[in-house]
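Asks: Here's a structure for you.
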Amino acid sequence: MYYVTAVLVVLAGLFYAAGHHEIGSLGVEMCRYGSTFCENPFYVLVGAALAAVWATFVSIR
């Protein structure tokens, strides 16, 4: 589950960069299909935080 958290954090960074037109043609394609996340990459970051909390909860013995 921590891997999912890491992937979501990276995706949040990519959506942030795509929303600010910093990664070229890849950003254009990302914003075409995920315009909500380009405008608000915070949503993906919140998902990453929830995944981290869930991973911590699941790993408690």
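Asks: Within the group F42, F37, which residue is in contact with a helix residue (DSSP H, G or I) (Cβ under 6 Å, 6 or more places away or on another chain), modelled with pLDDT of 90 or more and among the aromatic types (F, W, Y)? Steps first, answer last, please.
Replies: Numbers: F42 fails: in contact with a helix residue (DSSP H, G or I) (Cβ under 6 Å, 6 or more places away or on another chain).
Only one candidate passes the filter, namely F37.
Asks: Are any residues in the stretch 7-24 part of a helix (DSSP H, G or I) and in contact with a helix residue (DSSP H, G or I) (Cβ under 8 Å, 6 or more places away or on another chain), and if so, which ones? Give the steps one after another, and end with the answer.
Replies: If we filter the stretch 7-24 for residues that are part of a helix (DSSP H, G or I), which is where we start, we get 7-19.
Matches in the stretch 7-24: L8, V9, L11, A12, L14, F15, A17, A18, G19.
Asks: Would you check which residues across the stretch 4-34 are more than 10 Å from the chain's Cα centre (by Cα), of a type in the set (G, A, S) and surrounded by 13 or more Cβ atoms within 10 Å (Cβ to Cβ) and list them?
Replies: Selection gives A17, A18, G19, G27, G34.
Asks: Looking at this structure, is G27 at negative phi and in contact with a His (Cβ under 7 Å, 6 or more places away or on another chain)? Let's see the steps before the verdict.
Replies: Values: at negative phi: yes; in contact with a His (Cβ under 7 Å, 6 or more places away or on another chain): yes.
Against the criterion (at negative phi and in contact with a His (Cβ under 7 Å, 6 or more places away or on another chain)), G27 qualifies.
Asks: Give me the pairs: first residue in the stretch 43-61 and in a helix (DSSP H, G or I), second residue loosely packed, with under 12 Cβ neighbours inside 10 Å and hydrophobic (A, V, I, L, M, F, W, C), beta-carbon distance under 6 Å, and six or more apart or on different chains, which are they?
Replies: none
The values are calculated or read from the model by the stated rules, or taken from the named source; none is laboratory data. In this text, all values refer to a predicted model and were calculated from it rather than measured experimentally. Don't worry about glycine lacking a Cβ; one is built from the backbone with ideal geometry, like all the others, and counts go over all protein chains shown.
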